[in-house]
């Protein structure tokens, strides 16, 4: 799932043609490795070239970009771009095709660009959060060969490392002033003021169509209109995966058993399945039908709902407690 989301983002965002001195055609088999670099380095000397740039992840940041830049060659070449992610798919190499989709070695290998002289200067994807990748070392390679002769080549290899990014969350709501109160926060048993176990925090706004946002960067793994058994109320559920450990769910609950109200809520969602969201992106506006309308937010660690309080920034935590205290003056966020 994570790999498909990353690879599906591959597309030629920008391309340009520049005037470079020519790289001599490969006469044997030469392999060049280099540390990750944010931007590619073009050179007529293949030993000095660093044709793949990976963006700010090269400097320890949490976003991956992919740009390829290669000088013009002295004659036509075939160009192959390969990705290898052993942390979660150690059995496959992924080759970029001419239509900017990927295929594995078992599906066949074809050049990304065939019988070209270059130069090449393309951004393939930009600002992908590395939180969608598991921790580990990930490799990228660029191979050029004389047309139809893959036994003679230059091969450049670079890599980047991802670590488990700590979750630091902002408030699920955009504006504290939009919130009326929180009637139920997180509780593992019935000792909370609201008197029952509750696996999330219910944010009740003070008006209609108030916006809710992504608390952290991640991938939308689910969005669906759903009828709650028992009450038969309709709601829209959104599930966002942050990394291999943490995920969250948002339930936009108009508190109505009228399917038309559920559809209106769905029409007020601004994300789609597979979308990569950044912290602060608007997920949707809550459609309210009565005072009970709310957004139920839950944080999960390895699939188990947990108290979200330690993961909010100090400002977000203070704001959420202010909203809780509108109805429960002495309550905390978790019990």
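The values are calculated or read from the model by the stated rules, or taken from the named source; none is laboratory data. Since this is a predicted model, take the numbers as computed values, not measurements. With ideal geometry, Cβ positions are generated from the backbone for all residues, glycine too; neighbour counts draw on all protein chains shown.
Details
- Scanning the stretch 18-48 for residues that are at pLDDT below 90 and out of contact with any strand residue (DSSP E or B) (no Cβ under 7 Å at 6 or more places or on another chain) gives 19, 20, 21.
- Those residues of the stretch 105-136 which are part of a strand (DSSP E or B) and modelled with pLDDT under 90, in sequence order: 125, 126, 127, 128, 129, 136
- Of the residues examined, residue 297 is one that is in contact with a strand residue (DSSP E or B) (Cβ under 6 Å, 6 or more places away or on another chain), assigned by TED's automatic domain parsing to the domain that holds residue 226, under 13 Å from residue 215 (Cα atoms) and not in a loop (DSSP other than H, G, I, E, B).
- Residue among 55, 28 that is under 19 Å from residue 133 (Cα atoms), touching a residue at least 60 places away in the same chain (Cβ under 8 Å) and out of contact with any helix residue (DSSP H, G or I) (no Cβ under 6 Å at 6 or more places or on another chain): 55
- Tally, over the stretch 300-335, of residues that are in a loop (DSSP other than H, G, I, E, B) and over 26 Å from residue 245 (Cα atoms): 7
- Condition check for residue 272 on (1) over 21 Å from residue 182 (Cβ atoms); (2) surrounded by 14 or more Cβ atoms within 10 Å (Cβ to Cβ): one failure, at (2).
- The residues of the stretch 143-188 that are part of a strand (DSSP E or B) and under 26 Å from residue 276 (Cα atoms), listed by number, are 158, 159, 160, 161, 162, 169, 173.
- Pair list, Cβ under 8 Å, 6 or more apart: the stretch 259-279 residue in the same structural domain as residue 231 (by TED's automatic domain parsing) and more than 24 Å from residue 126 (Cβ to Cβ), other residue part of a loop (DSSP other than H, G, I, E, B) and at pLDDT 95 or above: 261/287; 261/289; 264/287; 265/287; 268/209; 268/287
- Some residue of the stretch 214-228 being over 30 Å from residue 64 (Cβ atoms) and out of contact with any strand residue (DSSP E or B) (no Cβ under 7 Å at 6 or more places or on another chain): no
To keep it simple, each residue is scored yes or no on (1) loosely packed, with under 15 Cβ neighbours inside 10 Å; (2) outside the structural domain of residue 152 (by TED's automatic domain parsing); (3) at pLDDT 90 or above.
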| position | (1), (2), (3) |
| --- | --- |
| 50 | no, no, yes |
| 58 | no, no, yes |
| 62 | no, no, no |
| 66 | no, no, yes |
| 71 | no, no, yes |
| 74 | yes, no, yes |
| 77 | no, no, yes |
| 85 | no, no, no |
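- Some residue of the stretch 276-290 being in a helix (DSSP H, G or I) and on the phi < 0 side of the Ramachandran plot: no
- Options 167, 161: the member that is touching a residue at least 24 places away in the same chain (Cβ under 8 Å) and under 29 Å from residue 212 (Cβ atoms): 167
- Taking the criterion of being surrounded by fewer than 17 Cβ atoms within 10 Å (Cβ to Cβ) and under 15 Å from residue 297 (Cα atoms), the only residue of the stretch 322-335 that qualifies is 334.
- Output for the stretch 244-254, where each listed residue is in contact with a helix residue (DSSP H, G or I) (Cβ under 9 Å, 6 or more places away or on another chain) and surrounded by fewer than 19 Cβ atoms within 10 Å (Cβ to Cβ): 244
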